[in-house]
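> Could you have a look at this structure, given as structure tokens, before my questions?
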There are 2 protein chains.
Amino acid sequence: MVHNHDLENILKINGFKITPTRLAILKVFSHDCEPINAEFIFKKLKKEKVNIVTIYRTLTSFENVGILKHVDLQKDSAYYELSGHHHHHIICTDCGMVEGFEVCDIDNLTDKVLKNSNKFNIITKHSLELFGLCKKCVIK
Amino acid sequence: MVHNHDLENILKINGFKITPTRLAILKVFSHDCEPINAEFIFKKLKKEKVNIVTIYRTLTSFENVGILKHVDLQKDSAYYELSGHHHHHIICTDCGMVEGFEVCDIDNLTDKVLKNSNKFNIITKHSLELFGLCKKCVIK
DNA sequence: ATGTCAAATGCAAATGATTTGCAATCAAAA
DNA sequence: TTTTGATTGCAAATCATTTGCATTTGACAT
């Protein structure tokens, strides 16, 4: 269970002012472990009447300081998740279901790639997502 | 050097009618090995006065049959490349420069991941791109 | 506690990539 | 050459996201 106190700390540490909107958005992320988009947060916060523009701005600023990570699900909008532990996703191309996985030997890959590259010597991030059909959609 | 004859064959094989526009678009791809977007093709074909809507439609239909592959460079528009040999890219987050690389142990990864997954057993495709700073941009 | 001020938010409008509807044109099969 | 469905162009629509600007508010100093 995540306490409000923890969320406030996240904001403080990153130099943000503590506002109800930011706390609410952080809370949505701490509830839903899967990557979510602005629209999803907007709907979750219907009662709080948070403007979607504010959500977009918050997502961007949270990503800038590293609170959030942008996840590329090859969907029509931008998805984010808390950047806690390093992991990737499998996405069902039929129903959109997302499952996380930890396996990722990126350091090894990066080493090999940089050894063969004459244009790059610094890698700062990477994308790695698998796409397939979930067991339910295979049957269809 | 790619001959017109080869390009026509690609269209024929995939059940497309042979049109000047499609040949021109294919030719752009055969010249530029790096992933390109609709706007780039549009500019390259200024003389031919190809409508950008047609380019979008062509890109989509080419991707559907597998002539083209959508590459996720995390830029603002959709980039495509000929789906010939399997490879990935390093993208400079500063200047946007793109370099390809072949190293990719995806089968091994897929096996491990599916072994641990209870929701998926079929992977159809994957994304894997590295992001960093090219040697020129590191200096800046 | 209160005033101050930059930061945060809301609202309306703009942006920019991509899509859609529809009419005109064209490639390819008969 | 005729026919017909596919292809293209043009204008307008869409949809996620961004921007400008006025208003509000959190945090710090008084």
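> Helix A:106-116 sits at what angle to the longest principal axis of chain A, using alpha carbons and giving 0 to 90 degrees rounded to 10?
Between helix and principal axis, roughly 50 degrees.
> Classify the range A:88-139 from the C-alpha gyration tensor, please: rounded if a/c falls under 1.5, else prolate or oblate depending on whether a/b exceeds b/c. Please list the in-between numbers first.
On the way: a/c = 3.59, a/b = 3.17, b/c = 1.13.
Prolate is the answer for the range A:88-139, as a/c is 1.5 or above and a/b outweighs b/c.
> In a solvent-free Debye calculation with one equal scatterer on each Cα, what is log10 I(q)/I(0) for chain B at q = 0.09, 0.16, 0.19, 0.20 Å⁻¹, listed in the order of the q values?
-0.35, -0.95, -1.16, -1.22
> Taking a ≥ b ≥ c as the square roots of the Cα gyration tensor eigenvalues, with a/c under 1.5 meaning rounded and otherwise prolate when a/b beats b/c, else oblate, which class fits the range A:53-128? Don't skip to the end; give the middle numbers.
Details: a/c = 2.17, a/b = 1.41, b/c = 1.53.
Oblate shape, in that a/c is at least 1.5 and b/c is the bigger or equal ratio.
> Shifting gears a bit: Treating only the Cβ atoms of Lys and Arg (+1) and Asp and Glu (-1) as charged, compute the dipole magnitude of the protein assembly as shown about its Cα centre; round to the nearest 20 debye. Don't jump to the answer; show the numbers that get you there.
Numbers: 38 positive and 34 negative charges, 197 e Å.
The calculated dipole for the protein assembly as shown is roughly 940 debye.
> Okay, next question. Could you pull out every residue, at least 5 positions away or on a different chain, whose amide H is within less than 5 Å of the one on A:Leu68? Hs are placed 1.01 Å off N in the peptide plane, and Pro or chain starts have none.
A:Glu63, A:Ser83
> List the equivalent ellipsoid semi-axes of the range A:4-82 in whole Å, largest first, each obtained as the square root of 5λ for an eigenvalue λ of the Cα gyration tensor. Kindly include the intermediate steps, with their values, before the conclusion.
Working: eigenvalues 68, 44, 25 Å².
One finds semi-axes of 18, 15, 11 Å for the range A:4-82.
> A further question follows. Which ³J(HN,Hα) values in Hz, rounded to whole numbers, follow from the phi angles of the range B:82-88 under the Karplus curve 6.51 cos²θ - 1.76 cosθ + 1.60, where θ = phi - 60° and Gly and Pro get x?
For the range B:82-88, the Karplus-derived couplings read 4, 8, x, 8, 5, 7, 10 Hz, x marking Gly and Pro.
> For chain B, what is the relative contact order in percent, using Cα pairs closer than 8 Å and at least 6 residues apart in sequence?
Details: 134 pairs, mean separation 24.8, N = 140.
Worked out over chain B, it gives 18 percent.
> Excluding same-chain residues fewer than 8 positions from B:Lys75, which aspartates and glutamates have a Cα within less than 12 Å of its Cα?
Within the straight-line cut-off, B:Lys75 pairs with A:Asp72, B:Asp94.
> Sequence-distant or interchain residues sharing an amide H contact under 5 Å with A:Asp94, placed H: which?
Under 5 Å from the amide H of A:Asp94 lie the amide H atoms of A:Cys134, each far enough along the sequence or on another chain.
> Same structure again: Nearest 10 degrees, 0 to 90: what angle lies between the long axis of helix A:20-31 and the longest principal axis of chain A (Cα atoms)?
That helix lies at roughly 40 degrees to the long axis.
> Another question, then. Based on the Kirkwood radius over alpha-carbon pairs, what value in µm²/s does the Stokes-Einstein equation return for the translational diffusion coefficient of the protein assembly as shown at 10 °C and 1.306 mPa s? Mind dumping the intermediate values first?
Numbers: Rh = 21.3 Å.
Translational diffusion coefficient: 74 µm²/s.
Rule-based calculations on the coordinates, nothing more; no lab input. Keep in mind that what you see is a predicted model, and the values were worked out from it rather than measured. Cβ sites come from the backbone with ideal geometry, for glycine too, and all protein chains shown count toward neighbours.
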